[in-house]
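One structure is given below, encoded as structure tokens.
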Amino acid sequence: KRPAGAPDKALAQKVTKVGVIGAGLMANQFALLFVRRLQVPVVITDLDQTRVDKGIASIRGEIDALLQKKRISPDEANRLNDLISGTTNKSDFADCDWVIEAVFEELGVKQDVFADVEQYISDTAILATNTSSLSVEQIGEKLAHPERLVGFHFFNPVAVMPLIEVVRTPQTTPEALATAMATAAKLRKNAVITRDTPGFVVNRVLAKLLGEAMYAVDHGTPFEVVDKAVAPLGLPMPPSELLDLVGLKVGAHVLDTHHNAFPDRFYRSENLHKLAEYGTLLEKDSKGKVKGF
Ligand code: CAA
């Protein structure tokens, strides 16, 4: 049985090369997943060579970690390393049939990034955005072919979280949607098709949870108390750790987006913006294990 709103599988286009725009935390994680699960060339770009090199080094580091843990063979590691490449030359995207971005979560930036890359790609290539709470339709406003754009929202850590939210806009073609669903299946993720609405489904729920946690903190309840108090809910990690994992800047931005869209329903925390300047809520030891506040 097809999932709700899913298009005919036969409409899915073949993906033979993937382009990734942005070489940050999320992009690097899903670039590795694309190369591992699709076994096709994956090319990554960012604003400058330094950022590209950093992203590629991080992916190669993860490939090495998989090899050390014997999750992949030396042959497989070599193949993955060969399939991954970095570039600052957008012409290298010319033969990509799936291009996905994970650049800064700012509408204007994403609009410009897509309008720019569209000049280099074929008319049939599908475009995907990893936005977590912006309007996918608005992101496509500067595209000549907005009907090829689809939301494709991963969760952190990408390797472990089983879900992708596939976001359709009123313009998204059945072909783009079918390709997104087929791609998610190849990545071995569960996909749900959501409406193009702020926060889609998951971040709406998370913004409530984290917003209420921040409200409590901002009104005098220490993080330790909030974390301990919600423990019976059986969350995979306490709110403070989740905020740290998502990134305080991103977390503050997600709360802002929800508050701006629904001021009466979502809390925005000025304090979280201030905390984000410090980078982290939690002290970690050399192995990345949380030591506490
Ligand atoms: N990258 C890759 N793999 C990771 C990882 C990471 N950052 N963190 C953990 N893992 C892997 C481990 O290698 C391990 O894999 P194996 O079993 O194959 O060895 C597995 O995950 C479990 O790890 P652990 O036993 O060390 O840790 P755990 O059982 O405590 O689980 C967790 C860790 C999966 C992160 C869990 O705490 C969890 O699910 N936390 C909630 C995460 C969450 O809610 N993410 C969504 C954030 S919102 C978002 O991303 C969207 C947005 O737009 C803001």
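The values are calculated or read from the model by the stated rules, or taken from the named source; none is laboratory data. Since the model is a prediction, treat every value here as computed from it, not as a measurement. Please note: Cβ atoms are built from the backbone with ideal geometry, for glycine as well, and neighbour counts cover all protein chains shown.
In the range 1-99, counting only strands (runs of 3 or more DSSP E) that sit wholly within it, the ones holding 1 or more residues that are over 26 Å from residue 172 (Cβ atoms) and of a type in the set (S, T, N, Q) span 84-87. Quick check: is even one residue across the range 245-256 assigned to a loop (DSSP other than H, G, I, E, B) and under 26 Å from residue 162 (Cα atoms)? Scanning the range 245-256 turns up at least one residue that is assigned to a loop (DSSP other than H, G, I, E, B) and under 26 Å from residue 162 (Cα atoms). Of all residues assigned to the range 187-198, none qualifies as being polar (S, T, N, Q), more than 11 Å from the ligand (Cβ to nearest atom), farther than 30 Å from residue 42 by Cβ and buried (at least 18 other Cβ atoms within 10 Å of the Cβ).
Given the criteria modelled with pLDDT of 95 or more, exposed (fewer than 13 other Cβ atoms within 10 Å of the Cβ), more than 16 Å from the ligand (Cβ to nearest atom) and β-branched (Val, Ile, Thr), does residue 45 qualify? For residue 45, the condition - modelled with pLDDT of 95 or more, exposed (fewer than 13 other Cβ atoms within 10 Å of the Cβ), more than 16 Å from the ligand (Cβ to nearest atom) and β-branched (Val, Ile, Thr) - is not met.
Evaluating residue 275 against the criteria (1) within 15 Å of the ligand (Cβ to nearest atom); (2) buried (at least 19 other Cβ atoms within 10 Å of the Cβ) leaves one unmet condition, (1). When 66, 38, 25, 32 are checked against the criterion of being in contact with a Phe, Trp or Tyr (Cβ under 9 Å, 6 or more places away or on another chain) and within 20 Å of residue 187 (Cα to Cα), 38 stands alone in meeting it.
Residue pairs whose Cβ atoms lie under 6 Å apart, separated by 6 or more positions or on different chains, with the first residue in the range 134-161 and in contact (Cβ under 8 Å) with a residue 40 or more places away in the chain and of a type in the set (Val, Ile, Thr) and the second in a loop (DSSP other than H, G, I, E, B) and within 16 Å of the ligand (Cβ to nearest atom), are 136/196. Could you go through the range 183-193 and let me know if any residue there is of a type in the set (Lys, Arg), at pLDDT 95 or above and outside any helix (DSSP H, G or I). Yes: one or more hits.
Beta carbons closer than 9 Å, at least 6 apart along the sequence or on distinct chains, pair a first residue in the range 211-224 that is within 19 Å of residue 250 (Cα to Cα) with a second that is basic (Lys, Arg) for 211/268; 214/268. Can you spot a residue in the range 197-205 that is among the basic types (Lys, Arg), closer than 16 Å to residue 131 by Cβ and assigned to a helix (DSSP H, G or I)? Taking every residue of the range 197-205 in turn, at least one turns out to be among the basic types (Lys, Arg), closer than 16 Å to residue 131 by Cβ and assigned to a helix (DSSP H, G or I). Of the set (1) within 16 Å of the ligand (Cβ to nearest atom); (2) in a helix (DSSP H, G or I); (3) crowded, with 20+ Cβ neighbours inside 10 Å, all apply to residue 179 but (1).
Within 30 Å of residue 9 (Cα to Cα) and not acidic (Asp, Glu) - does that describe any residue in the range 232-255? Looking for residues that are within 30 Å of residue 9 (Cα to Cα) and not acidic (Asp, Glu), one finds none in the range 232-255, hence no.
Looking across the range 17-34, just one residue is within 16 Å of the ligand (Cβ to nearest atom) and closer than 14 Å to residue 97 by Cα, and that is 34. Of the residues in the range 261-272, at least one is within 16 Å of the ligand (Cβ to nearest atom), under 25 Å from the mean Cα position of the chain (by Cα) and either in a helix (DSSP H, G or I) or at pLDDT below 95 (or both). Looking only at the range 208-242, residues that are within 16 Å of the ligand (Cβ to nearest atom) and not in a helix (DSSP H, G or I) come to 5 in all.
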